[in-house]
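The values are calculated or read from the model by the stated rules, or taken from the named source; none is laboratory data. These numbers were taken from a predicted model, which means no experiment stands behind them. Cβ: placed from backbone, ideal geometry, glycine included. Neighbour counts: every protein chain shown. With ligands, DNA and RNA removed, areas are computed over all heavy atoms of the protein, side chains included. Shrake-Rupley method; radii C 1.70, N 1.55, O 1.52, S 1.80 Å.
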Amino acid sequence: MMRMRRYLAVFTATLMMAPGYAAAATPADEQRLRELDKQWSQAAGAKDAAKTASFYAEDGSMLPPNAPIVNGKAKIQETWAGLMAKPGFAIHFEPTRIVVAKSGDVAFDVGTFELTMNDAQGKPTTAVGKYVVAWSRKKNGEWKVEADCFNTDK
């Protein structure tokens with residue numbers, strides 16, 4: 001766990017210092033990321049793995065709990081599809097904090113989620129957790145997820 005936190009801190013710090021493609025950050029950047037988070041959560045809640053994966057960069061990474069890192073949009077889509085196929089799957093997430101670098105080309109958001117799936121007896125069980133997402137603005141101006149790390153509060 002400590003190793004993961006250290007990895008994430010170094011990754012986020014490195015990302016925040018990366019050279020930019022865009023102009024300086026504006027208040028609209030934070031609002032845009034809030035909108036993207038909402039659309040992303042809706043896509044995941046609708047069990048649309050392709051749409052859910054579309055928020056990630058082509059070489060983005062997903063760091064699920066108790067599992068290896070998933071690299072690349074295609075593998076991330078497979079991972080989401082597998083999760084969404086589980087009986088009783090439902091998810092909702094939203095940011096509690098968004099920080100956009102002054103350069104306007106990278107950002108991170110911290111938030112909470114609720115994930116419901118059926119347990120071994122078929123009874124719905126909800127897990128509450130938190131996440132951190134690192135975003136980058138691509139040359140075309142689109143924001144994409146570079147890294148998505150989440151775990152439950154248990």
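For region 70-89, which residues satisfy the criterion of being among the small types (Gly, Ala, Ser) and either in contact with a helix residue (DSSP H, G or I) (Cβ under 7 Å, 6 or more places away or on another chain) or assigned to a helix (DSSP H, G or I) (or both)?
Result: ALA74, ALA81, GLY82.
Out of (1) over 15 Å from PHE150 (Cα atoms); (2) open to solvent by 40 Å² or more (accessible area, probe 1.4 Å), the odd one out for GLY72 is which?
So the condition that GLY72 fails would be (2).
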